[in-house]
Amino acid sequence: MNELPLDQVRTLLAVVDEGTFDAAAAALHVTPSAVSQRVKALEQRTGRVLLIRTKPVRLTESGEVVVRFARQLARLERDARAELGLAAEQGPARVPIAVNADSLATWFLPALTRVPQDPPICFELHREDESHTTALLREGQVMAAVTSSPDPVAGCTVRPLGLARYLAAATPEFAARHLTGDLAEDLCHAPTVVFDRRDDLQDEFVRSLTRGRSGAGRIRHLVPASDGFRDAVAAGLGWGLVPQPQAGPLLRSGRLVELAPGRPMDVPLYWQQWKLDSPALSTVAEVVATAAAEALLPGPARRRA
């Protein structure tokens, strides 16, 4: 009774991937009733509620554990079939990865071009803030993630990649209009560009200047794209923390000015991945670590200002 029947585990995974019981039934070529019975049987066997029956369905914490196991099982099965020469009809290996937008816009995509493609590997990238990519690992949606968390997700290993440096910048015109007095005080009120509502990097920078008294101003322009964020700052919409590789050319050309020279924000990045003996995943991990060592700054595994 302690075993997890594979047909039930795979059915749960299908429900999660397809979003509904009916869609999972169509994908599995069974009736919706059969799908429902399998999921209920799995919940009875584990003694846990695994799914919240919304549309689309949502996993409970226990469900995340089972789905992560299902994906790892599928990965192991694919690798075993490949070693036995039985995987040709299944297509290339698929490696889902969660990565933050700034890494995507700077060093991560060039890194993936270095991954050998014999046998071929398909990348499935999920863009998410570096402080939230581990949630996708925990849910079993991805096999690996670029994250700012040094604490490994259950069933995962973690290795440091380096420090991503950000520079506080604005246009000269914006600085002349909004930042004419004490910088710390002015930044508490000046318009700010942020990536999304969860982006607290600008707040953290201002708190480092005010010794925790205040964060960035209330006028916030949300620009949820790395290149768009840079362009919004360069257009004078507000000030913001721009990745150093993107800020460098604009600073040299005079389109941007650095607001606090000598006070960068360094964000530590880590690579977390499943504890899984997968050739494809191991290959990607080594290439990413090498590229990160070239593109990021070495340093202590902590965020500083």
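The values are calculated or read from the model by the stated rules, or taken from the named source; none is laboratory data. Everything numeric here is computed off the predicted structure, so don't read it as measured data. Neighbour counts are summed over all protein chains in view; Cβ atoms, including those assigned to glycine, are modelled from backbone coordinates with ideal geometry. Protein only, heavy atoms only, side chains kept; ligands, DNA and RNA dropped before computing areas. Shrake-Rupley method; radii C 1.70, N 1.55, O 1.52, S 1.80 Å.
A quarter of the convex hull surface defined by the alpha-carbon atoms of the range 42-94 gives 5.0 nm² as the mean projection. Between Ala175, Ser148, Ala190, the Cα set farthest toward the positive side of the dipole of the range 138-190 (charges on each charged residue's Cβ, about the Cα centre) is that of Ser148. Per the Cα gyration tensor, the range 69-228 maps to an equivalent ellipsoid with semi-axes of 42, 16, 12 Å, ordered largest to smallest.
Helix-only arithmetic for the chain: the sum of -39500 (n - 2.57) across DSSP H runs with n ≥ 4, divided by the residue total, places the mean residue ellipticity at 222 nm at -12500 deg cm²/dmol.
In this calculation the C-beta distance from Leu86 to Leu222 is compared with R0 = 45 Å, giving a FRET efficiency of 0.40. Percent of Cα pairs in the range 1-125 per distance bin of 5 Å, from zero to the largest separation: 2, 10, 16, 17, 16, 14, 13, 7, 4, 1, 0.
Applying 0.36 nm per residue to the separation of Leu6 and Lys55 and subtracting their alpha-carbon distance, the gain on full extension is 15.2 nm. Sequence-distant contacts, meaning Cα pairs under 8 Å at least 6 residues apart, place the relative contact order of the range 1-135 at 19 percent.
Using the Cβ-Cβ distance between Leu297 and Leu251 with R0 = 25 Å, the FRET efficiency computed as 1/(1 + (r/R0)^6) comes to roughly 0.90.
Using R0 = 45 Å, the C-beta based FRET efficiency linking Ser282 and Thr31 works out to 0.65. Per-residue surface analysis assigns Cys156 an accessible area of about 10 Å², computed on protein heavy atoms at 1.4 Å probe radius. Please state, rounded to one decimal and in Å, the Kirkwood hydrodynamic radius that the chain gives when every pair of distinct Cα atoms enters the mean of 1/r. About 21.6 Å, per the Kirkwood formula over Cα pairs. Rg and Dmax, both from the Cα atoms of the range 178-303 and both in Å, are 17.3, 57. These residues, Asp199, Asp277, Asp7, go from largest to smallest accessible area, 1.4 Å probe, as Asp277, Asp7, Asp199.
By a 1.4 Å probe calculation restricted to protein chains, Glu173 has an accessible surface near 120 Å², given to the nearest 10.
Computed from the alpha carbon atoms alone, the convex hull of the range 184-250 holds 81 Å³ per residue.
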